[in-house]
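Colleague: Structure provided below as structure tokens; questions to follow.
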């Protein structure tokens, strides 16, 4: 993907995180996406989330597939290790990488074409395996790089810029995730950094696969009248009832801002996630209640956002497979090769 | 001229075929016979010719015994064990003239199936088992051991040896052990009492297998992966490769699992696996997992067959272009498409050599038997990391799924794996800047960093156009610089892949090139041609890219043959494309019907060209 190195202009003293790094240290190359692209806001949110978490850049592995969204890992955390793979295959590469080295933080950035069409099988199985990673879908309902074809997430009735309105059922990654046994499901809007950043931070803390579906309007091909993934539609139809705060392990919870109901979940790494506001009858740890709630609102043409579902107790890929804590790639050859005596002994089984 | 009608005695030189019904338990009886012959120290092979079916269809097992080690598939059978009424007609027709046929005489054989030149040996197997066993399933299963008992007597197999093998097999199940021993004895005693045992062709103990083992290629490959230090495997079930991962799983559970006692008394022990085996959703995911793990610096592999390679093509190109190691075991089966999943072929040669779109070339190794499967699998991991590229180990169903007599494997404890060029954090500290694809070494390989290393070594793996610094490019020169180096890098691997095996004879006018599991049949054919006065040189290529010797071998011989198991002469084409020798300078001898190659097919191919006549002129 083309990229332009960002000039590092010294501005007024910038705030530093625990590592003494500024937000600039978490940025990447200049974006070459269209001006106003929702993806760039997500890039900014990811940048902020990692900076606020003080994640050492070199311990981040950022992966993507192919498409506009998949270009974005170039635009954040330049000191992280990147892998821009093939269309739809990012989850498979991320699975192998996470399997080999459990010490890094994996973030996969994908799009609706990448994850809900060509790579839907890989996404579904990555969810089932509960791969230790953050999985962001930058969902705009269209194929941007090939100029505006509708994707599998396009709602019925959505009009592309050219051609007929969509008549086939959309695929909702959150519903897919619920069916596949996902352990962390969130939806957000690229235009809402305030909501997205805490969700991203909670996703990093989550033990397993954290799927975040971010509605991200395509200003060039899907921001017109008749689109359900436009800025205007989202501003008018977003239902932000599930509001969360994420408090890293190191900080004390100062105030749990009152709402109709609060509920705290301690994440695997000791940090705390507080559902500051959830509507009545909604339990973010109950799969059935979540599904019902989202469906009810979908019928009204509303998009529910927030951290929608969380199961922090489920075993992740590493626990399921009993992999060593230090990472398989760190094991010395001597710990892996059984040696000549064992082989000689084994040979007697074949005589 | 003798008028003695007594048949010629042949010791340790014959072939038998057993015709069975799939799913009736014959496999264990057949491998019992094979194992007994092996333990008698006699060179032997067993080939399972089975259908893609769980129960009911015809299946055959062939055993060839040859004191000189010629154990490729034989096409003439001295004894047919006809246990499948569905295939009586074809099985009876397959017996060599003067040969024998053993059948279940519980029911009479149709008169029209009779052959005057074949001796029919009737054993009332079903009746025997009905009279001696109570359970219905046992009555069916024990027929197999009963016919094995009759064969033990007919071929002069050491009865005590067979008894002890059964005792080993059923060490933990007394009831089954007793039933088996009883059935063995029933068949044995009947044969001894009824027939003139042993038959004119029979066995006598030798000592040629003392340092050998009996093992299949899939198991050997799994052992290779274990010893090479593979920690991550991604795979999808497919015949005939499934047993590679089944075996790797078993081996890892034994040799890579640590059970850590609980911290406090009463705490349950925890399990620590120094490996991870992921059954993927498809072969695309399997190779994707391998790439992710290899990128991270773990030794990783997948095993599959042709249809899986077809699916993996996309990411194999990514691995090639981004220079990520990967080991791919392809246990070839008969294609195209689903083809014949339980039949053998060597038809993925070109597919693997050039897998994926765009200009790609891969490193291939061609083991001929399970011993080489072990050796080449270990080598494949070194090659993959040394050259930062996918490396294929190309077995076939015959090697992978059949038991072969091969020298016992050994391991050198001083072995140090070649992990290739990796830049560590210490290296980075002393470097001004790190670039992924430059500078390259004499083999045209540049050093890589692993994810998790210092940010100075961070870079973007990208399948899109990139320059030698790893940066995105659409510039002609920058793009070509990288792909030209990749071509040179591939060529540099020629002297690192297993070298060809060459066996020459004085004044040989013909040369025969082959690969993989054709080995034994071709060498037997060369012996037979020599008996006919035709000296032939032998070259077995064991790796791709080819060393210069391959080209020289073709150029050196007036007649050059390429023997392989596919329709289109893929090895011949590959040699021509890659060495520049004209394709017409090589004659193809092809066997691609799905069964392992026989020497007779090679001899016929050479003789059929009319060379003997031409050379005599």
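Colleague: Right, residue A:197: within 13 Å of residue A:114 (Cα to Cα), outside any loop (DSSP other than H, G, I, E, B) and touching a helix residue (DSSP H, G or I) at 6+ places or on another chain (Cβ under 6 Å) or not?
Modeller: Taking the combined requirement at face value, the residue does not satisfy it.
Colleague: Report, ordered by the first and then the second residue, all pairs with beta carbons closer than 7 Å, sequence separation of six or more or different chains, a first member in the range B:271-288 that is under 16 Å from residue B:229 (Cα atoms) and at the interface with chain A (Cβ under 7 Å from one of its Cβ atoms), and a second member that is in a strand (DSSP E or B) and modelled with pLDDT of 95 or more.
Modeller: B:273/B:257; B:276/B:232
Colleague: Being more than 10 Å from chain B (Cβ to nearest Cβ) and farther than 17 Å from residue A:171 by Cβ is the filter here; which residues of the range A:106-157 pass it?
Modeller: A:107, A:108, A:109, A:130, A:132, A:133, A:134, A:144, A:145, A:146, A:147, A:148
Colleague: Can we say residue A:294 is closer than 29 Å to residue A:190 by Cβ, in contact (Cβ under 8 Å) with a residue 40 or more places away in the chain, more than 8 Å from chain B (Cβ to nearest Cβ) and part of a helix (DSSP H, G or I)?
Modeller: So residue A:294 passes the test.
Colleague: Also, quick follow-up: Please enumerate the residues belonging to the range A:82-97 that are farther than 10 Å from residue B:289 by Cα and either more than 7 Å from chain B (Cβ to nearest Cβ) or crowded, with 24+ Cβ neighbours inside 10 Å (or both).
Modeller: Across the range A:82-97, the qualifying residues are A:83, A:84, A:85, A:87, A:88.
Colleague: Kindly provide the set of residues from the range B:552-582 that are in a helix (DSSP H, G or I) and without any contact (Cβ under 8 Å) to a residue 12 or more places away in the chain, ordered by number.
Modeller: B:552, B:576, B:577
Colleague: Is there any pair with a first residue in the range A:2-20 that is away from chain B (no Cβ under 14 Å) and a second that is at pLDDT below 75 and part of a loop (DSSP other than H, G, I, E, B) whose Cβ atoms are under 9 Å apart and which are 6 or more apart or on different chains, and what are they?
Modeller: The qualifying pairs are A:18/A:250.
For (1) at pLDDT below 95; (2) surrounded by 19 or more Cβ atoms within 10 Å (Cβ to Cβ); (3) away from chain A (no Cβ under 14 Å), each residue gets a yes or a no:
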position	(1), (2), (3)
B:4	yes, no, yes
B:27	yes, no, yes
B:36	no, yes, no
B:73	no, yes, yes
B:90	no, no, yes
B:95	no, yes, yes
B:98	no, no, yes
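Colleague: Could you list all residues from the range B:466-495 that are surrounded by 18 or more Cβ atoms within 10 Å (Cβ to Cβ) and touching a strand residue (DSSP E or B) at 6+ places or on another chain (Cβ under 9 Å)?
Modeller: B:466, B:470, B:471, B:472, B:473, B:482, B:485, B:489, B:490, B:493, B:494
Colleague: Would you check if residue B:344 is in contact (Cβ under 8 Å) with a residue 12 or more places away in the chain, away from chain A (no Cβ under 14 Å), in a loop (DSSP other than H, G, I, E, B) and surrounded by fewer than 22 Cβ atoms within 10 Å (Cβ to Cβ)?
Modeller: On the way: in contact (Cβ under 8 Å) with a residue 12 or more places away in the chain: yes; away from chain A (no Cβ under 14 Å): yes; in a loop (DSSP other than H, G, I, E, B): yes; surrounded by fewer than 22 Cβ atoms within 10 Å (Cβ to Cβ): no.
No: the conditions fail for residue B:344.
Colleague: Does residue A:315 fit the bill of being more than 10 Å from every other protein chain (Cβ to nearest Cβ) and outside any strand (DSSP E or B)?
Modeller: yes
Colleague: Given the criterion in a loop (DSSP other than H, G, I, E, B) and under 30 Å from residue B:397 (Cα atoms), identify the matching residue among B:498, B:451, B:506.
Modeller: Values: B:451 fails: under 30 Å from residue B:397 (Cα atoms); B:506 fails: under 30 Å from residue B:397 (Cα atoms).
That would be B:498, the only listed residue that is in a loop (DSSP other than H, G, I, E, B) and under 30 Å from residue B:397 (Cα atoms).
Colleague: Quick test of your reading of the structure: residue B:138 fulfils all but one of (1) at pLDDT 95 or above; (2) assigned to a helix (DSSP H, G or I); (3) over 19 Å from residue B:85 (Cα atoms). Name the failing condition by number.
Modeller: (1) is the only condition that residue B:138 fails.
Colleague: Of the conditions (1) modelled with pLDDT of 95 or more; (2) more than 20 Å from residue B:331 (Cα to Cα); (3) facing chain A (nearest Cβ under 10 Å); (4) assigned to a loop (DSSP other than H, G, I, E, B), residue B:207 fails just one. Which one is it?
Modeller: (3)
Colleague: What pairs come up if the first residue lies in the range B:232-246 and is within 14 Å of chain A (Cβ to nearest Cβ), the second is surrounded by fewer than 20 Cβ atoms within 10 Å (Cβ to Cβ) and assigned to a helix (DSSP H, G or I), and their beta carbons are under 9 Å apart, counting only those six or more places apart or on different chains?
Modeller: Hits for this filter: B:233/B:249; B:235/B:242; B:236/B:311.
The values are calculated or read from the model by the stated rules, or taken from the named source; none is laboratory data. Predicted, not measured: the structure shown is a model, and the values here were computed from it. Cβ: placed from backbone, ideal geometry, glycine included. Neighbour counts: every protein chain shown.
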